[in-house]
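Peer 1: There's a structure below that I have some questions on.
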Amino acid sequence: MKVLVLGGGGREHAIAWALAKSPLCDELHVLPGNPGIAGIATCHEGNPCDGKSVVKLAEDLSISLVVVGPEAPLVSGVSDELRRAGIPVFGPGKAGAMLEASKAYSKEFMARHGIPTAPFKICRSMDKARETLEGRKPPYIVKADGLAAGKGVFISDDLSQALDSCKELLDGSLGEAGKTLVVENGLTGREVSVMIITDGETWRLLHTSQDHKRAFDGDRGPNTGGMGAYAPVPWVDPEMTKKIEQEIVEKTLSGLKKDGIDYRGVIYAGLMVSPEGRIDLLEYNVRLGDPETQALLPLFDGDWLEACLRCAQGKLSEAKWSLKDLCSVNLVIASEGYPGSYEKGYPIEGLNDEEEGVTVFQAGTALKNGKTVTAGGRVLSVVGTGDTHDEARKRAYGKAEKIKFQGAFYRKDIAANTERPREEDR
Ligand code: AMP
Ligand code: GLY
């Protein structure tokens, strides 16, 4: 069958790689893709958020399944348009995507359906924000309601700083995204990400995973889109998994049903586990995580195309589901200066030599005179798999040392300590 993937980052390279391995896959197309993806699929120019042109491309190519990578096309309703045209889609419609598009909506969803989360207030004016913050203890957590590419959460121990953040947001520093605020209580503990695949009736989980958001070693420096990830998270034992399933997964799915939302795709639950074992939901995303996906899909042991297709058809229970009993580490190689400004166009060496237990996914790359060059902040994901995190880590770092481009940098401590909380979790 013919499959179309929307998106063009490291996550989408991993998705395309997993789909391409399926015996069901006759043709793989990606909009817009990237040079790494072009090695395994046909890439098409265009805007994945423009529903009409996505439907036209899918019809012109006789596509039987569309798999949506990033949130933006989901939030703009591309899945709804494809479904109206009779094309199965892995990815929720606009109504389901509200769980990520609006933090106020998602917190109210959690409250309405009894899903544990930090107590919160929704504020649309400075007076309300001041009253709410003055009634709370530090740390003060202020979140912009709308999509903000990871730049919408402000955490501070200082009340006047928290108030300044509110003022800037309400004054439009993030445009419409910050005109509504969520102010919530601070939580402490360890974070873990859970990817739920669901067709609205049946659900399945990928391995637990953990990303590393800060730019530098020891969880220091500015927040980024993610400098690495590992899976599974060893401290999430079967008992905790059961609790996550009961408290978060099942309540989320029954909430979607009660609200009449037909959800087919991924629900990413970002969780905080307190030292006492209390599990709170920090956020939902409505797609696979980046950089978690690059670590998770190499550990999937079924047919990813079959799983996505069955999910899109509402028949997930018929798909074979199995996870490898292995560990993985995704190490992101970035351009010097990221997440601030950086140079582009540097040739990348050592990309294509194969190594056992290692897969390289491309994110910010371009082709220049037939050579792969840097074209983004996060350039590559080097994924190692092995029997232990240590083995997976050695493989990822071993390969990363052989990949060269001017200004390449990566953290030296991804998955260095999978048992203990990260600095930023303390
Ligand atoms: P979010 O986009 O809502 O997941 O927030 C981004 C990050 O901010 C999370 O991954 C946490 O590290 C942190 N965070 C969010 N909400 C809280 C909270 N209530 N208490 C402590 N940290 C938080
Ligand atoms: N890794 C966080 C995200 O995908 O939003």
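Peer 1: What is the number of the single condition among (1) within 15 Å of ligand 1 (Cβ to nearest atom); (2) outside any strand (DSSP E or B) that Gln161 does not meet?
Peer 2: (1)
Peer 1: Right, Ala334: in contact (Cβ under 8 Å) with a residue 24 or more places away in the chain, in a helix (DSSP H, G or I) and either of a type outside the set (S, T, N, Q) or crowded, with 21+ Cβ neighbours inside 10 Å (or both) or not? Please lay out each step first, then the result.
Peer 2: Values: in contact (Cβ under 8 Å) with a residue 24 or more places away in the chain: yes; in a helix (DSSP H, G or I): no; either of a type outside the set (S, T, N, Q) or crowded, with 21+ Cβ neighbours inside 10 Å (or both): yes.
No: the conditions fail for Ala334.
Peer 1: Same structure, new question: Within the stretch 199-253, restricting attention to residues that are under 18 Å from Ser322 (Cα atoms) and polar (S, T, N, Q), which residue is nearest to the chain's Cα centre (by Cα)?
Peer 2: Ser209
Peer 1: I'd like to know if the stretch 185-194 contains one or more residues that are open to solvent by 20 Å² or more (accessible area, probe 1.4 Å), within 16 Å of ligand 2 (Cβ to nearest atom) and either outside any loop (DSSP other than H, G, I, E, B) or touching a strand residue (DSSP E or B) at 6+ places or on another chain (Cβ under 9 Å) (or both).
Peer 2: Initial filter on the stretch 185-194 (open to solvent by 20 Å² or more (accessible area, probe 1.4 Å)): 185-188, 190-191.
Right, trim to within 16 Å of ligand 2 (Cβ to nearest atom) and you get 190-191.
Those left that are additionally either outside any loop (DSSP other than H, G, I, E, B) or touching a strand residue (DSSP E or B) at 6+ places or on another chain (Cβ under 9 Å) (or both): 190-191.
Yes, the stretch 185-194 has at least one match.
Peer 1: Now, a different point. In the stretch 197-217, how many residues are of a type outside the set (Ser, Thr, Tyr) and part of a loop (DSSP other than H, G, I, E, B)?
Peer 2: First, pick out the residues of the stretch 197-217 that are of a type outside the set (Ser, Thr, Tyr): 197, 199-201, 203-207, 210-217.
Cutting the leftovers down to part of a loop (DSSP other than H, G, I, E, B) gives us 199-201, 206-207, 212-213, 217.
Going through the stretch 197-217 one residue at a time, the tally reaches 8.
Peer 1: So, one more: Going by the structure shown, is Val273 away from ligand 2 (no atom under 16 Å from the Cβ), under 23 Å from Phe154 (Cα atoms) and open to solvent by less than 30 Å² (accessible area, probe 1.4 Å)? Even if it seems obvious, please write down each step before you answer.
Peer 2: On the way: away from ligand 2 (no atom under 16 Å from the Cβ): yes; under 23 Å from Phe154 (Cα atoms): yes; open to solvent by less than 30 Å² (accessible area, probe 1.4 Å): yes.
Yes, satisfied.
Peer 1: What residue, of Ile141, Ile155, is surrounded by fewer than 17 Cβ atoms within 10 Å (Cβ to Cβ), within 14 Å of ligand 1 (Cβ to nearest atom) and either over 30 Å from Ser322 (Cβ atoms) or not polar (S, T, N, Q) (or both)?
Peer 2: Values: Ile141 fails: surrounded by fewer than 17 Cβ atoms within 10 Å (Cβ to Cβ).
One residue alone meets the criteria, Ile155.
Peer 1: Output the number of the condition that Ala416 fails; it satisfies all remaining conditions of (1) touching a Leu at 6+ places or on another chain (Cβ under 6 Å); (2) among the small types (Gly, Ala, Ser); (3) assigned to a loop (DSSP other than H, G, I, E, B).
Peer 2: All conditions are met except number (1).
Peer 1: Here is a follow-up. Among what's in the stretch 218-251 and is part of a strand (DSSP E or B) and open to solvent by less than 20 Å² (accessible area, probe 1.4 Å), pick the residue that is nearest to ligand 1 (Cβ to nearest atom). Show your work before the answer.
Peer 2: So the first thing to find is which residues in the stretch 218-251 are part of a strand (DSSP E or B), and the list is 220-223, 228-231.
So of that shortlist, the ones also open to solvent by less than 20 Å² (accessible area, probe 1.4 Å) come out as 228-231.
Working: Gly228: 15, Ala229: 13, Tyr230: 16, Ala231: 17 Å.
Result: Ala229.
Peer 1: Could you list, in sequence order, the residues of the stretch 321-331 that are surrounded by 24 or more Cβ atoms within 10 Å (Cβ to Cβ) and of a type in the set (Gly, Ala, Ser)?
Peer 2: Within the stretch 321-331, the subset surrounded by 24 or more Cβ atoms within 10 Å (Cβ to Cβ) is 327-331.
Hit for the stretch 321-331 is Ser328, nothing else.
Peer 1: What do you reckon, is Glu283 within 16 Å of ligand 1 (Cβ to nearest atom) and modelled with pLDDT under 95?
Peer 2: Details: within 16 Å of ligand 1 (Cβ to nearest atom): yes; modelled with pLDDT under 95: no.
Here the answer is no, as Glu283 does not meet what is asked.
Peer 1: Turning to a different aspect of this structure: Return only the number of the condition from (1) touching a strand residue (DSSP E or B) at 6+ places or on another chain (Cβ under 8 Å); (2) in contact (Cβ under 8 Å) with a residue 60 or more places away in the chain; (3) not basic (Lys, Arg) that Asp157 does not satisfy.
Peer 2: It is condition (2) that Asp157 fails.
Peer 1: While we're here: I need a count of the residues in the stretch 392-416 that are buried (at least 16 other Cβ atoms within 10 Å of the Cβ) and out of contact with any strand residue (DSSP E or B) (no Cβ under 7 Å at 6 or more places or on another chain).
Peer 2: Of the residues in the stretch 392-416, 2 are buried (at least 16 other Cβ atoms within 10 Å of the Cβ) and out of contact with any strand residue (DSSP E or B) (no Cβ under 7 Å at 6 or more places or on another chain).
Peer 1: Name the single residue, out of those in the stretch 80-115 being more than 29 Å from Asp280 (Cβ to Cβ) and assigned to a helix (DSSP H, G or I), that is farthest from the chain's Cα centre (by Cα).
Peer 2: Initially, the stretch 80-115 is screened for residues more than 29 Å from Asp280 (Cβ to Cβ), giving 80-89.
Okay, now just the ones that are also assigned to a helix (DSSP H, G or I), so 80-84.
On the way: Asp80: 21, Glu81: 23, Leu82: 22, Arg83: 23, Arg84: 26 Å.
Filtering first and then ranking leaves Arg84.
Peer 1: For the stretch 201-241, give me each residue that is more than 12 Å from ligand 2 (Cβ to nearest atom), among the acidic types (Asp, Glu) and touching a residue at least 12 places away in the same chain (Cβ under 8 Å).
Peer 2: If the condition is that a residue be more than 12 Å from ligand 2 (Cβ to nearest atom), among the acidic types (Asp, Glu) and touching a residue at least 12 places away in the same chain (Cβ under 8 Å), then Glu201, Asp217, Asp219 are the ones that fit.
Peer 1: Please list, ordered by first then second residue, the pairs with beta carbon atoms under 6 Å, 6 or more apart or interchain, first in the stretch 16-41 and of a type in the set (Ser, Thr, Tyr), second assigned to a loop (DSSP other than H, G, I, E, B).
Peer 2: Close Cβ pairs satisfying both conditions: Ser22/Asp303.
The values are calculated or read from the model by the stated rules, or taken from the named source; none is laboratory data. Because the structure is predicted, anything quoted here is derived from the model rather than measured. All Cβ positions, glycine included, derive from the backbone under ideal geometry; neighbour counts span all protein chains shown. Quick note on the areas: whole protein, heavy atoms, side chains included, nothing else; ligands and nucleic acids left out. Shrake-Rupley method; radii C 1.70, N 1.55, O 1.52, S 1.80 Å.
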